[in-house]
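A.B. asks: Before anything else, here's the structure in question.
The values are calculated or read from the model by the stated rules, or taken from the named source; none is laboratory data. It should be emphasised that the depicted structure is a prediction, and the values quoted were computed from it without experimental measurement. Cβ coordinates were reconstructed from backbone atoms using ideal geometry, including for glycine residues, and neighbour counts include every protein chain displayed.
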Amino acid sequence: MPLTLHHVSHRYQQLTVLELDLTVARGEHLSLLGPSGCGKSTLLRLLAGLEAPSQGEVLLDGEPVRAGDPRLGIMFQDPLLYPWLTVAENIRYPLTLAANRGLPRGRVNELLAKVGLPAFAHSYPPQLSGGMAQRAALARAIVRHPDYLLLDEPFAALDAVTRMRLQSWLEALADSEGLTLVTVTHDVDEAILLGDRVVLMSPAPGRLTRSWQVGLPRPRDRTDARLLALRSEILTALYAVTGDEYGPHHTLAA
Ligand SMILES: Nc1ncnc2c1ncn2[C@@H]1O[C@H](COP(=O)(O)OP(=O)(O)OP(=O)(O)O)[C@@H](O)[C@H]1O
Ligand SMILES: [Mg+2]
């Protein structure tokens, strides 16, 4: 069953920041790409039920979505780990909430292994590198076996090599856990590596302007010529919605 934005528009005071219809099918990997300020984070908060749309509805399996629904996992650019809890305690934390007490404790050890952190189970977040902290946050986001994982620029704060490693971890986890992924990003490479479908948003108000089916099996080879051709097509479209008069071919004169 899908996650749907039905005739949604969203305003902050008098400013309409989003106007769109969108359906995410179960099992799909969707990337939402757009320039800064186009409403990507707002869109993700609406999908997660953290904010209610000014108009329209957000439906999870046909019912209005509620914040904290165990079918949804969510992850942000900042890992947001509790610094006073160990890595294992952070991952376990959602299981300790009243509604989730029945879930098996072995789940934490399973996830520590899946994100490569068993040796750091008893470390505290300030002792982790940025990439390790994001892997712990990823494990915490999926500890309750969500159907959907919603990600808001999850690796934007990491260096390029760590980001690529984390994208591969995420792909492997999504496959082994059967997750539907919705990744919001301004990074074309991330969008085409992770997504089966890439949707481009335009700014002010954020609307869906174009979409592409990537059409290549996952996991993908980042150097695949077909992926690189799609990359340059999407990059050109991203420049166009951003209103950049030069486009991706321009180099500034020294
Ligand atoms: N709580 C809020 N109150 C008022 N305006 C807001 C609020 N949150 C976002 N906005 C405005 O809504 C628009 C969309 O913001 P949003 O954070 O969703 O964009 P974004 O695409 O995630 O940007 P970025 O790529 O920089 O993260 C912006 O104009 C922003 O100033
Ligand atoms: Mg944002």
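A.B. asks: Could you please find all residues in region 90-146 being basic (Lys, Arg) and either touching a residue at least 40 places away in the same chain (Cβ under 8 Å) or in a helix (DSSP H, G or I) (or both)?
C.D. replies: Selection gives ARG92, ARG107, LYS114, ARG135, ARG140, ARG144.
A.B. asks: In region 142-191, what residues are touching a helix residue (DSSP H, G or I) at 6+ places or on another chain (Cβ under 6 Å), of a type in the set (Val, Ile, Thr) and closer than 14 Å to LEU33 by Cβ?
C.D. replies: THR183, VAL184, THR185, VAL188
A.B. asks: Any chance you could count how many residues in region 156-186 are at pLDDT 95 or above and part of a loop (DSSP other than H, G, I, E, B)?
C.D. replies: Adding up the residues that qualify gives 2.
A.B. asks: Does PRO217 meet the test of being touching a Ser or Thr at 6+ places or on another chain (Cβ under 7 Å) and not aromatic (Phe, Trp, Tyr)?
C.D. replies: no
A.B. asks: May I pose another question? What is the one condition in (1) of a type outside the set (Asp, Glu); (2) modelled with pLDDT under 95; (3) within 15 Å of ligand 2 (Cβ to nearest atom); (4) within 23 Å of ALA174 (Cβ to Cβ) that GLY37 does not satisfy?
C.D. replies: (4)
A.B. asks: Taking region 69-88 on its own, how many of its residues are within 13 Å of ARG45 (Cβ to Cβ) and away from ligand 2 (no atom under 16 Å from the Cβ)?
C.D. replies: 1
A.B. asks: Quick one: how many residues across region 36-74 are in a strand (DSSP E or B) and among the aliphatic types (A, V, I, L, M)?
C.D. replies: 5
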